[in-house]
Amino acid sequence: MNDISLEAYTVLLVSNEYPKLDEHRFMLQQMGLRVAPMFPGAAVVGFCGEGRIDALIIEGRNFESIALCRSIKSDPNSEVPIVMLLHEKYKHLEAEAYDVGVDNVMYLPVDSVVLGTRVRRLTQQHQASRHLEDATGVLGAVARTVEKHDPYTSGHIERLRTLSGHVAHRLGLSNLDLIAVRAAGLLHDIGKIAVPVEILRKTTELTPGDWAYIKQHPSHGADIVSTLRHGDLISPMVRSHHERWDGNGYPDHLKAEHIPLGGRIIGVVDAFDAMTTDRPYRLALDAREARNRLSVGAGTQFDPSIVEALLSLSPRVLAPKSN
Ligand SMILES: [Fe+2]
């Protein structure tokens, strides 16, 4: 089975006894999904990593199937949604499956229509993720150009995309939400395109008039990204990335959970990156001091649960990156 061409397929159906699942394969095809059967093995990980698969359906029989899912999901940037089909006698694998990131567990015998509907929903989310990534590719180039106006923030938006993704992953966000947070991390300051360059490059204290310009960048950015396909997913995050947990942020003075989750994540990561990189008025803080300051700001400036999630990441992930 493994030599079958996958060019035309978008769903991988993985089982040791795939003929038993043939009914599901037929049903999924009837629903318009393209399905490729495959035995478990390293080749499955390879196909998922190539980005040609929209969803994986795997029959869970043992810890090897769990290990296979773990390999696919271990990359925080992995997007492929996984549905695991379990026999009742393997019920003990369910918790392990969710623990390694399987998106949905269903028990055999499963209703083919329910399976098809669930897979189609996950596939649509996956496709939306791809569209979002493609669209941010274009605006990302604009965002990088805007960033060049301020030499002290070189590499900042790429670091924000990566670190925001790690925090979203740690918080257990869905694939689509994780992709949206990463996109918002990249594009959060794109509204600075509407701020005069001389203000962005200023190394002296900003005047109230300068601040009036600066404070408009979240709403300008939200308007820009809302023009993207699926931009409605990231626009609220961009608009709210300077809100504060205590309500003293801008532009809408939102408070606590009223601030979109993505905006809260980017707010914490933005502050952490600013602390750990050199700025015109000071050198980068060391990691311990930056962690202390985040902890001090938890509950006033920052969402405490997000500070906790960020600080729980490995030192390797949090290490300052050279620009
Ligand atoms: Fe900003």
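Things worth noting here:
- Rh by Kirkwood over Cα pairs, then Stokes-Einstein D for the chain at 1.002 mPa s and 20 °C, µm²/s: 100
- Of the GluC sites (Glu not before Pro) in the range 170-255, those whose Cβ has at most 15 other Cβ within 10 Å and which sit in DSSP loop: E205
- Summary of the geometry: the range 91-112 and the range 40-67, compared by the centres of their Cα atoms, lie 14 Å apart.
- Ratio Rg/Rh, restricted to the range 247-323 and using Cα atoms, in which Rh is the Kirkwood radius: 0.98
- Other residues within the sphere of radius under 12 Å centred on the Cβ of A168, judged by their own Cβ, net out at +3 (K and R +1, D and E -1).
- Stokes-Einstein D in µm²/s, Kirkwood radius over Cα pairs - the range 62-130 at 4 °C with 1.567 mPa s viscosity: 102
- Only the Cβ atoms of Lys and Arg (+1) and of Asp and Glu (-1) were treated as charged; on that basis the dipole of the range 11-110 about its Cα centre amounts to roughly 160 debye.
- Rotationally averaged projected area of the range 32-187 (alpha carbon convex hull; nm²): 9.9
- Net dipole in debye of the range 86-144 [+1 Lys, Arg Cβ; -1 Asp, Glu Cβ; about Cα centre; nearest 20]: 200
- Using the rule -39500 (n - 2.57) for each DSSP H run of four or more residues, divided by the residues of the chain, the 222 nm mean residue ellipticity is -15000 deg cm²/dmol.
- FRET efficiency for the Y107 to D134 pair, using the beta carbon distance and R₀ = 51 Å, is estimated at 0.90.
- Here the chain is treated with +1 on each Lys and Arg Cβ and -1 on each Asp and Glu Cβ, and its dipole about the Cα centre works out to around 440 debye.
- As a length-normalised measure over Cα pairs under 8 Å and 6 or more apart, the relative contact order of the range 26-166 settles at 21 percent.
- Normalised per residue, the volume of the convex hull around the Cα set of the range 11-110 (Å³): 86
- Neighbour-count order for V307, V45, fewest beta carbons within 10 angstrom listed first: V45, V307
- Farthest toward positive dipole pole in the range 125-256 [+1 Lys/Arg, -1 Asp/Glu at C-beta], among A222, V142, V181: V181
Bear in mind these aren't lab numbers, they're just calculated from the coordinates by the rules spelled out. Predicted model, so just to flag it, every value in this text is computed and none were measured. Using ideal geometry, Cβ is built from the backbone for each residue, glycine included, and neighbour counts are taken over all protein chains shown.
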